[in-house]
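The values are calculated or read from the model by the stated rules, or taken from the named source; none is laboratory data. Please read these numbers as outputs of a predicted model, since none were measured by experiment. Note that each Cβ is placed from the backbone with ideal geometry, even for glycine, and that neighbours are counted across all protein chains shown.
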Amino acid sequence: MVHATGRVTLRRTAAIAAVVFTLGLLAGACGTSETDTGQGGDGGTAESTPSTLEPDSGTPQSGGKLAYALVAETSGWDPTSGQWAASGHQVATAIYDRLGAWDANYKVQPFLASTIEHNADFTEWTLGVRPDVTFHNGDPVTAEAIKANLDAYKNGALTGKALAPIEEINADDPTQVVITMNRPFSTYPLQLTSQIGVVAWPGMYDREANPDATRNPVGSGPFTFESWEQNNKLNVVKNDNYWRDGLPYLDEIEFSIVTDNQSRQAALKTGSVDMAEFFDIDSITEFRNNTSDQDFRILADPNGEADEALIMLNTETPPLDNVDARRALAMGTNKQELLAIVGEELEPANGPFMPGSPWYAEGTGNPEYNPEEAQKLVQKVKDEGDGTFEFTLTGVPVVETQRMVQALQQQWEPLGITVKLEDTEQTTLINRAVTNQYQAMTWRQFGSTHPDGEYVWTTCENINPEGLSLNFARNCNETLDDALNAARATDDPELQKAQYKIFQEELGKDVPYLWLYETQAAVIASTKVKDITKSTLPSGDPQLSMVSVVHPVAQIWIAS
């Protein structure tokens with residue numbers, strides 16, 4: 001889940017999971033894995049640093065209120081139009097259920113759906129309807145209700161293009177929903193774990209009857225919406241009629257918006273909040289080195305596939321519509337110098353996947369640092385254009401982001417590139433990405449649990465010349481598209497891997513992104529908060545504990 005650098009985003013969990021921060025901005029990133037020792041650097045004062053593992057917590061206790069500090073506000077709670085980064089997805093896990101969820105082995109399993117099945121060539125998918133589930137207002141979750149949600153996504157201005165493979169959605173049988181595709185779509189279940197998999201009360205989509213529905217969400221999730229004071233806090237209370245017996249354990253969750261990293265640190269240390277999101281290395285390092293495992297626990301996505309922090313380039317807007325201009329910027333970016341400013345603990349990024357990823361491919365042609373060659377390309381761009389090389393770089397008003405963009409400006413200026421720096425709030429930044437109102441911006445993306453999660457952000461069909469686009473960089477490459485579609489036609493991992501190598505090679509040629517570094521993100525919680533990463537699926541099998549920093553909340557409890 002795409003995100004905007006400076007807070008994160010967006011591991012989506014998979015894609016739509018964030019019109020994001022990459023975002024997500026547009027949604028999350030990950031830090032140390034659950035198998036990591038969690039030891040910090042030199043000079044820590046704590047006797048024992050906070051653990052990255054949750055021990056056996058014993059028998060859960062019911063009751064209590066959880067105070068949870070989030071990094072960013074969300075535009076609204078209609079899943080067909082809300083621009084959810086990681087913070088938005090976290091709130092959504094309390095209010096809504098998704099049709100599918102990841103298990104601990106990175107396989108998609110049924111969640112709100114009772115079954116997920118396909119035909120031989122992946123052109124038809126059947127979702128079983130789980131019986132005796134109701135929305136918070138008492139209406140049943142039926143096949144028609146699920147179809148209404150899928151139809152709303154299919155027809156949505158923002159989400160429709162992501163569902164282009166869907167030909168027909170049928171709910172004639174009350175026990176199932178049948179989705180017919182116009183092409184093979186082996187990876188369709190991934191979408192059921194994301195924003196597109198959320199099932200809301202269909203009345204939310206009746207704009208005339210419920211014009212304020214986006215501010216008053218109704219789902220079937222473990223908590224019921226109570227109140228929302230935008231840019232301050234959102235409260236949910238226990239759903240006494242939740243379909244998973246005995247859950248949730250908590251009585252209430254208060255999500256507060258604390259955008260400043262130092263303020264979020266202070267709130268957690270003083271006990272004003274019980275847990276908080278962090279997407280900056282300084283905060284994570286502070287808790288690793290200077291707090292105790294008796295007080296706090298640092299938890300991160302076990303996946304190991306972090307979002308890449310990057311500069312996203314608008315390939316439709318001069319001068320960045322010229323691939324030579326984009327290559328000049330890439331060759332003129334000294335990542336090691338940048339990391340000395342933003343965090344020496346971070347690793348440089350060289351493509352959409354980390355070197356440890358099973359999908360990572362060597363030799364994909366991403367331009368390497370070469371200021372002399374960059375300067376030649378800058379002059380070529382000027383000679384072929386109007387004699388200038390100027391653009392605006394937009395970021396969020398966060399200290400870490402400001403330091404980074406200032407460093408980039410200083411690296412590029414000697415090459416003959418003039419860069420104007422501009423700050424805007426995250427929600428505005430995402431809106432501008434979606435509506436093509438930018439030249440270059442700080443971003444976080446490519447942290448999906450599976451590469452198909454990046455399909456909607458990178459393919460030609462997700463560019464809308466007249467309106468909202470999910471391909472924010474607006475880079476169109478038919479070879480790249482063919483590779484991603486070929487990967488959807490099979491469930492053989494080796495065949496998919498070959499296609500994802502082509503995907504990486506084409507990104508290396510087009511340079512729609514300047515890869516900077518692998519992000520780190522974590523949830524840091526008081527040790528009195530239990531079982532944050534010990535959720536189970538309806539089957540009783542272990543659920544993937546986090547995607548980005550987003551995690552289930554139904555089984556969290558607070559020790560008295």
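Here's the yes/no breakdown for (1) within 29 Å of Leu537 (Cβ to Cβ); (2) surrounded by fewer than 19 Cβ atoms within 10 Å (Cβ to Cβ); (3) without any contact (Cβ under 8 Å) to a residue 40 or more places away in the chain:
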| position | (1), (2), (3) |
| --- | --- |
| Pro189 | yes, no, no |
| Gly219 | yes, no, no |
| Asn232 | no, yes, yes |
| Asn235 | yes, yes, yes |
| Asp240 | yes, yes, yes |
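Let me confirm something: among Ile502, Ile558, Ile524, which residue is β-branched (Val, Ile, Thr) and either within 21 Å of Phe111 (Cβ to Cβ) or under 22 Å from the mean Cα position of the chain (by Cα) (or both)?
Ile524
Failed condition for Gly128, given (1) more than 20 Å from the chain's Cα centre (by Cα); (2) assigned to a loop (DSSP other than H, G, I, E, B); (3) among the small types (Gly, Ala, Ser), with all others met?
Gly128 satisfies every listed condition except (2).
Among the candidates Ala340, Ala306, Ala300, single out the residue that is in contact with an Asp or Glu (Cβ under 6 Å, 6 or more places away or on another chain), modelled with pLDDT under 95 and among the aliphatic types (A, V, I, L, M).
Being in contact with an Asp or Glu (Cβ under 6 Å, 6 or more places away or on another chain), modelled with pLDDT under 95 and among the aliphatic types (A, V, I, L, M) holds for just one of Ala340, Ala306, Ala300, which is Ala306.
Give me the residue from the range 541-555 that is within 17 Å of the chain's Cα centre (by Cα) and either over 14 Å from Lys107 (Cα atoms) or not assigned by TED's automatic domain parsing to the domain that holds Asp293 (or both) and, out of that set, surrounded by the fewest Cβ atoms within 10 Å (Cβ to Cβ).
Per the stated criteria, the residue is His551.
Residue by residue through the range 159-178, note down the ones that are surrounded by fewer than 23 Cβ atoms within 10 Å (Cβ to Cβ) and hydrophobic (A, V, I, L, M, F, W, C).
Leu163, Ala164, Ile166, Ile169, Ala171, Val178
Taking the stated definitions as given, is Ser526 within 30 Å of Ile558 (Cα to Cα) and touching a helix residue (DSSP H, G or I) at 6+ places or on another chain (Cβ under 8 Å)?
The answer is yes for Ser526.
I need a count of the residues in the range 395-427 that are under 20 Å from Tyr438 (Cβ atoms), more than 25 Å from the chain's Cα centre (by Cα), polar (S, T, N, Q) and in a helix (DSSP H, G or I).
Counting residues in the range 395-427 that are under 20 Å from Tyr438 (Cβ atoms), more than 25 Å from the chain's Cα centre (by Cα), polar (S, T, N, Q) and in a helix (DSSP H, G or I) gives 2.
Only residues that are in a loop (DSSP other than H, G, I, E, B) and crowded, with 21+ Cβ neighbours inside 10 Å: list them for the range 315-342, please.
Within the range 315-342, Thr315, Pro319, Leu320, Gly332, Thr333 qualify.
Determine if the range 472-484 includes at least one residue that is small (Gly, Ala, Ser), closer than 30 Å to Leu346 by Cα and surrounded by 15 or more Cβ atoms within 10 Å (Cβ to Cβ).
Checked against the condition, which is being small (Gly, Ala, Ser), closer than 30 Å to Leu346 by Cα and surrounded by 15 or more Cβ atoms within 10 Å (Cβ to Cβ), the range 472-484 yields at least one hit.
Here's a check for you: in the range 72-100, which residue that is of a type in the set (A, V, I, L, M, F, W, C) and at pLDDT below 95 is surrounded by the fewest Cβ atoms within 10 Å (Cβ to Cβ)?
Ala72
Right, Asp139: closer than 13 Å to Ala200 by Cβ, outside the structural domain of Leu468 (by TED's automatic domain parsing) and surrounded by fewer than 22 Cβ atoms within 10 Å (Cβ to Cβ) or not?
yes
Taking the range 349-396, which residues are free of Cβ contacts under 8 Å to residues at least 60 places away in the same chain and in contact with a strand residue (DSSP E or B) (Cβ under 8 Å, 6 or more places away or on another chain)?
Thr392, Thr394
Determine the pairs where a residue that is in the same structural domain as Gln437 (by TED's automatic domain parsing) and under 27 Å from Ala157 (Cβ atoms), located within the range 467-493, has a partner that is in a loop (DSSP other than H, G, I, E, B) and among the small types (Gly, Ala, Ser) with Cβ atoms under 7 Å apart, the partner being 6 or more residues away or on another chain.
So the pair list comes out as Gly467/Ala157; Leu468/Ala157; Arg488/Ser186.
Please determine, by comparing only the residues of the range 191-215 that are in a loop (DSSP other than H, G, I, E, B) and in contact (Cβ under 8 Å) with a residue 24 or more places away in the chain, which one is surrounded by the fewest Cβ atoms within 10 Å (Cβ to Cβ).
Ranking the qualifying residues of the range 191-215, first place goes to Trp201.
Hey, could you check the range 416-466 for residues that are over 20 Å from Pro512 (Cβ atoms) and in contact (Cβ under 8 Å) with a residue 40 or more places away in the chain and say which is surrounded by the fewest Cβ atoms within 10 Å (Cβ to Cβ)?
Selected residue: Gly416.
Quick check on the range 358-373. Is at least one of its residues of a type in the set (A, V, I, L, M, F, W, C) and under 32 Å from the mean Cα position of the chain (by Cα)?
Yes, that holds for at least one residue.
Mind counting the residues in the range 156-173 that are more than 15 Å from Asn485 (Cβ to Cβ) and either in contact (Cβ under 8 Å) with a residue 60 or more places away in the chain or in the same structural domain as Glu461 (by TED's automatic domain parsing) (or both)?
4
State all residues of the range 296-312 that are under 20 Å from Val529 (Cα atoms) and touching a strand residue (DSSP E or B) at 6+ places or on another chain (Cβ under 7 Å); if no residue qualifies, say none.
Phe296, Arg297, Ile298, Leu299, Ala300, Asp301 - these are the residues of the range 296-312 that are under 20 Å from Val529 (Cα atoms) and touching a strand residue (DSSP E or B) at 6+ places or on another chain (Cβ under 7 Å).
Residue pairs, Cβ under 9 Å, 6 or more apart or interchain, first in the range 107-135 and in the same structural domain as Thr449 (by TED's automatic domain parsing), second part of a loop (DSSP other than H, G, I, E, B) and of a type in the set (D, E, K, R). List them.
none
Pro538: more than 22 Å from the chain's Cα centre (by Cα), assigned to a loop (DSSP other than H, G, I, E, B) and surrounded by fewer than 17 Cβ atoms within 10 Å (Cβ to Cβ), yes or no?
In short, no.
I'm trying to understand the selection: among the residues of the range 405-439, which are in contact with a Phe, Trp or Tyr (Cβ under 7 Å, 6 or more places away or on another chain), over 16 Å from Asn314 (Cβ atoms) and small (Gly, Ala, Ser)?
Residue satisfying the conditions is Gly416 alone.
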